[in-house]
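Where a number appears in this text, it was derived from the coordinates with a stated rule and is not lab data. Please read these numbers as outputs of a predicted model, since none were measured by experiment. Neighbour counts are summed over all protein chains in view; Cβ atoms, including those assigned to glycine, are modelled from backbone coordinates with ideal geometry.
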Amino acid sequence: MLTASAYAATSPTEPLAPTTVERRDLGPRDVLIDIKYCGICHTDIHWVRGDWGEKDYPVVPGHEIAGVVAEVGPEVTTYAVGDRVGVGCMVNSCGECGPCRQGEEQYCTNGTILTYGSIDRDGTLTQGGYATHVVVDQDFVLRIPEGIGLDEAAPLLCAGVTTYSPLKRWGAGPGKKVGVIGLGGLGHVAVKIAKAMGAEVTVLSRSLAKKDDGLRLGADHYYATSDPATFEQLAGTFDLIVNTVSAELDVDAYLNLLTVNGTLAIVGATPKFSLNRSSLVRNQRAFAGSQIGGIRTTQEMLDFCAAHGVGAEVEITPAGKINEAYDRVLASDVRYRFVIDTSTLGTTS
């Protein structure tokens, strides 16, 4: 086995600390990746701090992995040493159920194997990308095209596909008006992708504090949702609204901003929301959810982003400041995604 340097959480209350993890021996269809960058997703923080219930420890977080192929198994046909690659939120699935056969592995009915915190096929706990190396089945490795930096590509493996999927599914494009709730780690990528698709894009944020950034990133309009006049002025405006925030949501208020047949899609980890059935039925509006995307969709998203010059806005952080980065994410003090430089983690043995 390969020993990789890493940062791990040992409990919900202790700071992440340096450690080492054992990566499995390279199987016939496996790819060994030399990780260069790993994004810090808000999901990582929720997971390691126990916000979503009891988890297994120790765990190495990280599911926004970008790096270079270091070695391949004898049956690998898709990748070669030196290729620029990434790994997102999944590292395996059953491959046989309906969702898997349809390319929607994230909805595997037999249980998707997540990049960290899942029981892997060998019975061990998966460990994520806050590490120097990882071994992944070739079917769950993504190709990162030239023309997009590995650092700005890393967050696309989660934030990118999380927002690309609903934008594509509900038809964002020329002639469509798209609203994006929140301009954070997810929202800023949603704005860039929706604009690249040709839609007219509006940011709906609590305040106008990030208005200049929103317009710079491609938004055509920017409104403060703390102002009641916003909901009067924009009533019946949007074909699609994508909610990217994890705060409580007044669904009725946002449904009323939709056109006839419009859709409000939830991708943020919204803890609580209110919904009046009449708001949903009126004008045949839809209230929907979306979770990341399958491998096929994720590759499509990466190719799209590279072709349109779309990458995440990132702040590079050394491994020694991961805990500080977590605190800053919780304080909304990042524009707009932290990415760990894994060269600061140490060497392998």
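Observations, loosely collected:
- Amide H contacts under 5 Å for residue 36: 66, 67, 68, restricted to partners 5 or more places along the chain or on a different chain, H placed in the peptide plane at 1.01 Å from N.
- Within the shell defined by Cβ-Cβ distances under 10 Å, the residues around residue 202 carry a net charge of -1, with Lys and Arg each +1 and Asp and Glu each -1.
- Residue-averaged [θ]222 nm for the chain, counting only DSSP H segments that reach four residues, each worth -39500 (n - 2.57): -6000 deg cm²/dmol
- 24 Å Cα-Cα threshold exceeded, pairs from 168/195; 55/210; 168/321; 177/210: 55/210; 168/321
- Applying 0.36 nm per residue to the separation of residue 230 and residue 284 and subtracting their alpha-carbon distance, the gain on full extension is 17.2 nm.
- The range 161-289 - Rg (one decimal) and Dmax (whole number), Cα, Å: 13.0, 37
- Scanning residues 5 or more positions from residue 222 or on other chains, those with amide H under 5 Å from its amide H are 203, with H placed 1.01 Å from N in the peptide plane.
- The alpha-carbon atoms of the range 120-202 define a convex hull whose volume equals 143 cubic angstrom per residue.
- Relative to the longest principal axis of the Cα atoms of the chain, the long axis of helix 159-169 lies at roughly 50 degrees.
- Applying D = kT/(6 pi eta Rh) to the range 31-156, where Rh is the Kirkwood radius over alpha-carbon pairs, T corresponds to 20 °C and eta to 1.002 mPa s, the Stokes-Einstein value obtained is 143 µm²/s.
- Each Cα pair under 8 Å and six or more residues apart adds its separation to the average, and for the chain the resulting relative contact order is 19 percent.
- Over the chain, the pair-distance histogram of Cα-Cα distances with 10 Å bins from zero comes to 6, 26, 34, 23, 10, 2, 0 percent, rounded to whole numbers.
- Amide H contacts of residue 63 (H built 1.01 Å from N, in plane; Pro and chain starts excluded): 41, 129 sit under 5 Å, all sequence-distant by 5 or more or on other chains.
- Annotation: extensible slack from residue 81 through residue 330 equals 85.9 nm (criterion: 0.36 nm per residue apart, minus Cα-Cα distance).
- Exposed-loop-free span, longest in the chain, where trypsin sites (Lys or Arg not before Pro) count as exposed if DSSP calls them loop and at most 16 other C-beta atoms lie within 10 Å: 122-205
- Cross-link partners of residue 192 among aspartates and glutamates, defined as those whose alpha carbon lies under 17 angstrom from its own and excluding same-chain residues fewer than eight positions apart: 151, 152, 200, 212, 213, 220, 300, 303, 313.
- Using a Förster distance of 35 Å, the FRET efficiency for residue 146-residue 291 (Cβ separation, nearest 0.05): 0.75
- Rounded to 0.05, the FRET efficiency of the residue 275 and residue 215 pair, given R0 = 35 Å and the Cβ-Cβ distance, is 0.65.
- Here the gap between residue 102 and residue 22, fully extended at 0.36 nm per residue and compared with their Cα-Cα distance, gives a gain of 25.5 nm.
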